[in-house]
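Here is the structure we will look at, set down as structure tokens.
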Amino acid sequence: MRAVDLIQKKRDGGELSREEIAYLIQGYSKGEIPDYQISAWAMAVYFRGMNARETGDLTLEMAMSGDQVDLSPIAGIKVDKHSTGGVGDKTTVVLAPLVASAGVPVAKMSGRGLGHTGGTLDKLESISGFSVEMGREQFFAQVGDIGAAVIGQSGNITPADKKLYALRDVTATVESIPLIASSVMSKKIAAGADAIVLDVKTGSGAFMKTLDDSIALAQAMVDIGTHLGRNTVAVISDMDQPLGFGIGNALEIKEGIETLKGHGPKDLQEVCLILGSQMLVLGGKAKDEAEARTILMSHIEDGSAFDKFKQMVSAQGGDVSQVEAPDTLPSASRFIEVKAASAGYVESIQAEEIGVAAMLLGAGRETKESLIDLGVGIQLSLKVGDAVAAGDTLAVLHVNDASESKVQEAEAKVLEAYRISAQPVPPQPLVFALVTKDGVTRY
């Protein structure tokens, strides 16, 4: 085979065989195929696409390019959950203990954030002493013992994906559904889960801004999972406004704790119940979503979900007293209220602008080397549909060491993010569709 022939084949709309895809990915991983040829191939894929079988084969090759985790020593059906990312998205903090309390083991490998706030690992590190690093045997033992662990990726997971993604980032080929889907799913396959629940965000704060694009991405990822023998479903959820009220690492841990105790924001609780129900069904603990939801609510109400979170925190070296008294978590030294200039109703909140504002305050990373301030962020006061009078507080900035220019910029972004309408605004749906191997169900 020659790379140039495969580039031409895809450029002209041809279908690449499993062997041809393997040749490209393995050759690129070993340095035998240069960047400029893989760039040309990625651009051909961008314009010509890939079918489900090709995308599945690409995913498997990237998963096989490095270490693969074997979770078989852990009893039960291991169900992983992945979110495509959003502002205020702290669902893993809630779902890991909640689903584990219902008997489905959660062996979660997560990442750090590059953007508006930290990733799940950064958020959990708001709890003093919480360690996201552990060896494989300890990881298995913890999941076997208490049912849940959330750790950082260790070893050499999907190196081909890392190499290809870096190239796509500088060659204008990021926005290709087959390449996005295979990138996400290669990491899930390598992480060893038996079944996968995907939370695909849609709207202003999501990677995919339109519902049709979000469904297309979800369908591609479900097709990959099905092709590779993993039971996979995708929920399309709203990211036209932040999820919950807190944006920032310790703020989101506090909100997660409140949700586990049954007192969290309604939108966060609802999304977690929807995703958790899918995890219980795939994990064989419930026959359908209605039964799963009842089980999950019972574990919130009887305190066992919160107890499971405390067990997980303790097992990973975290200070459980901070979980029991969340006000002792990292916090800001000053608070700045952002006031509404006009009366009406909150029509929309541009989630991405809120996320950028939180990053300006130090809640996220502008570069990989940036240090995160775990105590800062933004606490929203009003959400879409709420009535507002001129002078009402829209949100509160939690500030420590950010420069005055960055604080002013963050305040301006929050003001820009809130759109006020003179007319009442109907509530918007939290979930738009469910995508399974059998098709798309729109709500």
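Observations on the structure shown:
- Rounded to 10°, Cα long-axis angle of helix 404-417 versus longest principal axis of the chain: 80
- Nearest-ten-degree value, helix 289-301 long axis tilted from longest Cα axis of the chain: 40
- Residue pairs exceeding 21 angstrom between C-alpha atoms, taken from Lys287/Lys437; Lys163/Lys437; Lys10/Lys437; Lys30/Lys187: Lys163/Lys437; Lys10/Lys437.
- Amide H contacts of Gly262 (H built 1.01 Å from N, in plane; Pro and chain starts excluded): no residue 5 or more places away or on another chain comes under 5 Å.
- Note: relative contact order over the stretch 37-121, using C-alpha pairs below 8 Å and six or more positions apart, is 22 percent.
- Calculated [θ] (222 nm, deg cm²/dmol) that DSSP helices of n ≥ 4 give over the chain, each run adding -39,500 (n - 2.57): -14000 deg cm²/dmol
- Here Ser314 and Arg11 are evaluated by their C-beta separation; at R0 = 51 Å the FRET efficiency comes out at 0.35.
- Mean Cβ count within 10 Å, highest first, over the residues of peptides 190-202, 392-404, 254-266: 190-202, 254-266, 392-404
- Pairs with C-alpha atoms separated by more than 21 Å, drawn from the list Lys188/Lys254; Lys78/Lys266; Lys90/Lys188, are Lys188/Lys254; Lys78/Lys266.
- Sparse-neighbour loop sites [GluC sites (Glu not before Pro); the stretch 120-223; at most 14 other C-beta within 10 Å; DSSP]: Glu133, Glu175
- Between the amide H of Ser110 and those of Ile151, Gly152, Gln153, distances stay under 5 Å, these residues lying 5 or more places away or on another chain, with hydrogens modeled in the peptide plane.
- For the stretch 312-384, applying the loop criterion from DSSP together with a ceiling of 15 other beta carbons within 10 Å to the GluC sites (Glu not before Pro) yields Glu366, Glu369.
- The chain: angle of helix 35-48 to the longest principal axis, Cα-based, in degrees nearest 10: 80
Read the figures in this text as sums done on the coordinates, not as results from a lab. The structure displayed is predicted, hence computed values, not measured ones. With ideal geometry, Cβ positions are generated from the backbone for all residues, glycine too; neighbour counts draw on all protein chains shown.
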